[in-house]
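One structure below.
The values are calculated or read from the model by the stated rules, or taken from the named source; none is laboratory data. Keep in mind that what you see is a predicted model, and the values were worked out from it rather than measured. Glycine gets a Cβ as well: all are built from the backbone with ideal geometry, and neighbour counts include every protein chain shown. We work out accessible area using only protein heavy atoms, side chains counted, and drop any ligands, DNA or RNA first. Shrake-Rupley method; radii C 1.70, N 1.55, O 1.52, S 1.80 Å.
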Amino acid sequence: MASSSTTYTATYGGRFNLVMTATEVQVDTANNRSLVQVQLYMTCNQSAGHVYNYNQTPGFYIIDGSQQNRSTSYDFNPGVGTNYFLANGDQFWIGHNSDGTRTIGLSYYHDAQDGPYVGTAGQVNWSMALTNIARYANITQFYLNGVTDQALTINWAADANCDYVSWWSNAYDGGGHHDIPVSGSGLFVINLSNLVSNKQYDVTVAVRRADSGLWTTSGTTYATTNGQNNFLGFI
């Protein structure tokens, strides 16, 4: 949670605060966004010694560039710690940048309309960094693990939960993609069989991060199958 506050102007202004809090209450990784909840309230921090009642005192707050107009009524002899809410639990979905980062701008303002006792809390600008949402899985391993005259074994690993791996090879079938469902992170194996002996094959893989649906592509590895053993038999 992030928060900011300022005191009011005029004779008794310093006895009252205007407070805004913003809380990131949910992170939606799949849609690259966060749910932010806002509170804005005036609060008594010291008894003012007089009573004034007003209705519909104007104020606003701005979140992510969108202004929200709000108002409240109040009694300025309520006792210390009493809050008068202009916003209490307003929620907004905030989209993140393509790399998963996001910092939002916030500001607020309120006029208590109680001169010369309590005047305005002027516009205050501040910012809040949201959770950095990981968008792509990192391929941490990708290597040839075994070669015969007709088969290759490729190992790969990722650092995040993946739901698909796709491999392709120009030498194998012209580069057609072969999608394989997977589950989890860690080490996985791809077996290529029925290959031509003594031939070089290129293999590239891509993995899809499960929660974001975004693909990460590896480099290309090359391997040559072994020569086939030939036997001459006699009857």
May I ask you to verify whether residue 132 is out of contact with any strand residue (DSSP E or B) (no Cβ under 9 Å at 6 or more places or on another chain) and touching a residue at least 24 places away in the same chain (Cβ under 8 Å)?
yes
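Go through the range 135-155 residue by residue and tally those that are in contact (Cβ under 8 Å) with a residue 40 or more places away in the chain and under 28 Å from the mean Cα position of the chain (by Cα).
Qualifying residue count, the range 135-155: 7.
Could you grab me the full set of residues in the range 168-195 that are more than 36 Å from the chain's Cα centre (by Cα) and in contact (Cβ under 8 Å) with a residue 40 or more places away in the chain?
Across the range 168-195, the qualifying residues are 192, 193, 194, 195.
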Can you pull out the strands (runs of 3 or more DSSP E) entirely within the range 95-194 that have at least 2 residues that are open to solvent by 30 Å² or more (accessible area, probe 1.4 Å) and either under 30 Å from residue 60 (Cβ atoms) or of a type in the set (Val, Ile, Thr) (or both)?
103-114, 118-129, 139-147, 178-192
Hey, can you tell me all the residues within the range 156-188 that are among the aliphatic types (A, V, I, L, M) and farther than 15 Å from residue 140 by Cβ?
171, 180
When the range 1-44 is checked residue by residue, the ones that are in a strand (DSSP E or B) and more than 23 Å from residue 68 (Cβ to Cβ) are 44
Looking only at the range 60-86, filter to residues that are open to solvent by less than 30 Å² (accessible area, probe 1.4 Å) and at pLDDT 95 or above; which one of those is nearest to residue 111 (Cα to Cα)?
61
